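One structure below.
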Amino acid sequence: MNMGRSTRVGALATLLLLAGCAGSPGSIYVPVGGGTGSTSEPPPPPRLPPASPEPEAPAPAQVPERAPSPSYRESGDTLSPAALSLVREADRLLAQGRVAEAITRLERAQRIAPRSAEVYFKLSEAYVQANQLARAEQFTLKGLSLAGNNTRLQRAGWLLLADIRRARGNVAGADQAEARAAAL
Amino acid sequence: MAKSKTPPPSPRNARTRSRAGFWRLFFRVSAVGLVLLAGWMVYLDAIITSRFEGRRFEVPSRVYARPLELYDGASVSAAALERELALSGFRQGDGVKPGSYRRRGGQFWISTRGFRFPDGQEPRRRLTLTIAGDQVVDLRVLAGEASPIVRLEPAQIGGIYPSHQEDRILVRLDQVPPLLPAALMAVEDRHFYEHFGLAPLSIARAMLANLKAGAIVQGGSTLTQQLVKNFFLSQEQTLARKANEALMSLLLEWHYDKDDILETYLNEVYLGQAGTRSINGFGLASQFYFGESLAGLEAHQIALLVGMVKGPSYYNPRRHPERALKRRNLVLSEMEEAGLISAAEANRARGLPLGVSERPSYSENRYPAYIDLVRRHLARDYREEDLRSEGLRIFTTLNPSIQYAAEYAVRDTVPRLATGEVRDALEAAMVVTAKDTGEVLALVGGRDPAFAGFNRALDAERPIGSLIKPFIYLTALSHPDRYTLITPVRDQSFVLEFDDGRRWQPKNYDGEEHGEVPLHRALAKSYNLPAVRTGLDLGVDAVAETLQAFGVTSPISRYPSMLLGSVSMTPVTVAQIYQGLATSGFNTPLRTIREVTDAQGEPLSRYPLEVDQVADPAAVHLVQYAMQEVMQEGTGRSAYYTVPRQLTLAGKTGTTDDGRDAWFAGFSGDLLAVAWVGRDDNGPTSLTGATGALPIWARFMASLPQHSFSPVVPDGVSYHWVNDERQALTGEHCENARYMPFITGSEPEQHVSCSGALERRIRSWFEGLFQ
């Protein structure tokens, strides 16, 4: 591993912890019954629509003026305090060179915060340390897919990707990633 | 002389000679007998030592569910938490004693026992938390190491047993509460540490004790003899058998020291039956009858287990509580007499109830379909005999709450889907995975989830019908220069003529044709003709390659009919390929196992999270838009009869000819689920994906708290207001305006203004003012 990469990964670590604290709306959480009804289980039996050919369902009783449109959002989730505590534990383990243990912490964090780019960048960092660069590259890409319009995360992700690609001998890919980072 | 030299045999001589002959014969027979006996002893010795050595190490593997992780914001309902606690062996109590919990309304107090996970020890803790809106809030650790996140002990969901179906939890003599071996010896074998395997005197003493007590409280055979008897399942009481037992007992004592024999006895003795499995040893018996580890047992519980040695089914405390209580109190008196407990302790203990848990805290493969998949995954790395005997600990990804919801949805919905013969023939399967980890959370292999038969989730290969369409359009949308979500595609029939003269004329499900429709609507409404036209335009090979990239490993026959889903897959394979659609183009291999450790908890293998980008996230984002439209305006919208409106979902229906297969595959922000309904004989039904599989899927989704599906807009995608009929940009408040994603550069260039919607536009100008 070259010097440049380690410093960059280190800088990334700091950035991630900062980013983890920045606020942004999380995903919409819907309790059973949409939060209006009771949450008793097992749920009441379903009301089945009458059998009809496909396409089948009759229009709902209340037709909204415009159909509810498909949902999207501009950025992924931020790390919850629980996930952040696991990421910090992983950081301590990584600093001690205990990569395998760090990865188990990060996978726990990923299960808690599966839509946060930071977790995937961290996993990438761990796999870089384990010298499994192909995996590291994939986790960086996954993190980038969740970075949304957060330019700090985007830049961190593209630079990380550039380093990993360079280390894998993919110079063109590295330059491309670097250019993406520079364009932000 | 010659005569005298050879006198005729005198009677005396004859007698002498015959006596000598007798002795010679006697010695010969004895010698042969001794040799035979020695041989027999060697034979017995070989048997007993191999049994002794072998049996001690044959321990089934244990399969655990995923542990429930508690932290602020964790999604779990109060009912689900309570069920989860029960599965993990917690009992309602004061919430202070380890293994107990208390609930008041939404607030819980939980006292964990601690557990050794592959990644380290989860310490004992006392904690409190509140469930509000199906989420954990205000989690606090009251005692024990502070942490913002706590793992409960995982529920044991099954085992992989030795072929003789014995189950045990190994204990070491130095871990056992000392009262147990002491009580055992007081009742069964007072001179265990002195005798040589047999104790003729104690037989007499036992008879005396029995007379005194007016009942049989002591048996004559030593623990060593009992152990030998236990090694052989046959209970016949012939003299030969008794003699063999005695010989083997001597041999055992000769080979091994007393502690070794005692420890093996503690792990070997038969203490009950759970279905086909036998409960062997005190370690498992303690779990089985009290739901607690041996170390936590009190005097009255130890007395009950010791008392049961005499007749585990006769004194079964669940079936014959009075008998068991009488027997236990007798043992307590014996313990008192032997000075093991004080009179006061004995009195108090005799007054206590049996303290047996209601049902075995641990039930036999409750989830046969899921365990089936776990075993297949294990078979890649482990030999069957090791799984059966090495006491491995297998940590799976099963989520009991989600499994419960999936089973409920299948069991409750399938009988309502049809009537008469078709209803009785209907079968179903369901696969649920965690959207971003690929962990298989639940698996249902048939309409009766408890039945361990044909596992349809893994083995029913059926044509997937319209489930293929997202992959056709994904292939198309990966060429933004040729296709966007508003590209008009023709819904008009055509005939394909093959070289050999055969003709193929695909049709829409309802036989109608809709002319030119925008691509997104063709997918949402699942029109067949545009899908086939688009697929043929791209080439069957291109679509097949997309499917392979997303995880199809079996060969795909590359006929045009493939574009209508003639390709067959199992529900698990469908879950695998939809994973990539749900995660913006990242193939995430499905996993059921996180870790395997040996009996001591040392890690053997880990199955880490893997992701592999197989498609452009931008193109997948467009498909996700249309798959949400399926739920809101298309063939999947009846889901919202059951599911709350706020829960945004994406999915796709699939139906094959004559309703032979009804599919639904889709996802929320957290979960991906695939449901299949059909008949094992592949017969027709009147069902479609929407009327057969979707009701199960929707029932399932509605019963779990979760996050809405709301994908992050990937790099290179921008949203625009467009008029999809005219393929043009338009104003937000125009009629027919839709806010749609485009791969940057592929958005339409021309702009249409709308004059006809003035009223709405005026209203919109004021909207901001009054909100």
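The values are calculated or read from the model by the stated rules, or taken from the named source; none is laboratory data. Note that this is a predicted model, so its numbers are computed, not measured. Using ideal geometry, Cβ is built from the backbone for each residue, glycine included, and neighbour counts are taken over all protein chains shown.
Right, residue B:256: in the same structural domain as residue B:166 (by TED's automatic domain parsing), aromatic (Phe, Trp, Tyr), on the phi < 0 side of the Ramachandran plot and surrounded by fewer than 21 Cβ atoms within 10 Å (Cβ to Cβ) or not? In short, yes. Taken as a whole, the stretch B:444-456 holds at least one residue that is buried (at least 24 other Cβ atoms within 10 Å of the Cβ), out of contact with any Phe, Trp or Tyr (no Cβ under 7 Å at 6 or more places or on another chain) and part of a strand (DSSP E or B). Of all residues in the stretch B:295-336, those satisfying the criterion of being in contact (Cβ under 8 Å) with a residue 60 or more places away in the chain, out of contact with any Phe, Trp or Tyr (no Cβ under 9 Å at 6 or more places or on another chain), within 24 Å of residue B:221 (Cα to Cα) and of a type outside the set (D, E, K, R) are B:303, B:330, B:331, B:335.
Within the stretch B:407-443, the residues that satisfy the criterion of being surrounded by 24 or more Cβ atoms within 10 Å (Cβ to Cβ) and more than 30 Å from residue A:113 (Cβ to Cβ) are B:410, B:413, B:428, B:429.
Here's the yes/no breakdown for (1) in contact with a helix residue (DSSP H, G or I) (Cβ under 7 Å, 6 or more places away or on another chain); (2) assigned by TED's automatic domain parsing to the domain that holds residue B:297:
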{"site": "B:130", "(1), (2)": "no, no"}
{"site": "B:138", "(1), (2)": "no, no"}
{"site": "B:141", "(1), (2)": "no, no"}
{"site": "B:146", "(1), (2)": "no, no"}
{"site": "B:149", "(1), (2)": "yes, no"}
{"site": "B:154", "(1), (2)": "no, no"}
{"site": "B:174", "(1), (2)": "no, yes"}
{"site": "B:177", "(1), (2)": "yes, yes"}
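Apart from one condition, residue B:575 fits all of (1) small (Gly, Ala, Ser); (2) closer than 25 Å to residue B:739 by Cα; (3) buried (at least 24 other Cβ atoms within 10 Å of the Cβ); the exception is (2).
If you take the residues of the stretch A:73-107 that are touching an Asp or Glu at 6+ places or on another chain (Cβ under 8 Å) and within 8 Å of another protein chain (Cβ to nearest Cβ), which of them is farthest from residue B:669 (Cα to Cα)? The residue in question is A:101. When B:693, B:662, B:675 are checked against the criterion of being more than 18 Å from residue B:399 (Cβ to Cβ), in a strand (DSSP E or B), among the small types (Gly, Ala, Ser) and more than 7 Å from every other protein chain (Cβ to nearest Cβ), B:662 stands alone in meeting it. Set side by side, the residues B:539, B:511, B:585 differ, and just one is closer than 25 Å to residue B:633 by Cβ and either over 39 Å from the mean Cα position of the chain (by Cα) or hydrophobic (A, V, I, L, M, F, W, C) (or both), which is B:511.
Given the structure, is residue B:602 under 28 Å from the mean Cα position of the chain (by Cα) and on the phi < 0 side of the Ramachandran plot? Here the answer is yes, as residue B:602 does meet what is asked. Residues in the stretch B:527-549 include none that are assigned to a loop (DSSP other than H, G, I, E, B) and either closer than 13 Å to residue B:468 by Cβ or not assigned by TED's automatic domain parsing to the domain that holds residue B:588 (or both).
Scanning the stretch B:696-720 for residues being at the interface with another protein chain (Cβ under 7 Å from one of its Cβ atoms), under 20 Å from residue A:74 (Cα atoms) and of a type in the set (Gly, Ala, Ser) gives a total of 2.
Among the residues in the stretch B:629-641, are any touching a residue at least 12 places away in the same chain (Cβ under 8 Å), among the hydroxyl-bearing types (Ser, Thr, Tyr) and not in a helix (DSSP H, G or I)? Within the stretch B:629-641, one or more residues are touching a residue at least 12 places away in the same chain (Cβ under 8 Å), among the hydroxyl-bearing types (Ser, Thr, Tyr) and not in a helix (DSSP H, G or I). Taking the stretch B:678-690 as the range and being in contact with a helix residue (DSSP H, G or I) (Cβ under 8 Å, 6 or more places away or on another chain) and not in a strand (DSSP E or B) as the test, the residues that pass are B:680, B:681, B:683, B:684, B:685, B:686, B:687, B:688, B:689, B:690. Among the numbered conditions (1) within 15 Å of the chain's Cα centre (by Cα); (2) crowded, with 21+ Cβ neighbours inside 10 Å; (3) within 20 Å of residue B:714 (Cα to Cα); (4) not small (Gly, Ala, Ser), the only one that residue A:159 does not meet is (1). Being surrounded by fewer than 20 Cβ atoms within 10 Å (Cβ to Cβ) and part of a strand (DSSP E or B) holds for only one residue in B:83, B:140, and it is B:140. If you go through the stretch A:110-135 and pick out every residue that is buried (at least 22 other Cβ atoms within 10 Å of the Cβ) and either away from chain B (no Cβ under 11 Å) or among the acidic types (Asp, Glu) (or both), you end up with 5. Within the stretch B:71-86, being under 28 Å from residue A:101 (Cα atoms) and either among the acidic types (Asp, Glu) or more than 14 Å from chain A (Cβ to nearest Cβ) (or both) holds for B:72, B:84, B:85.
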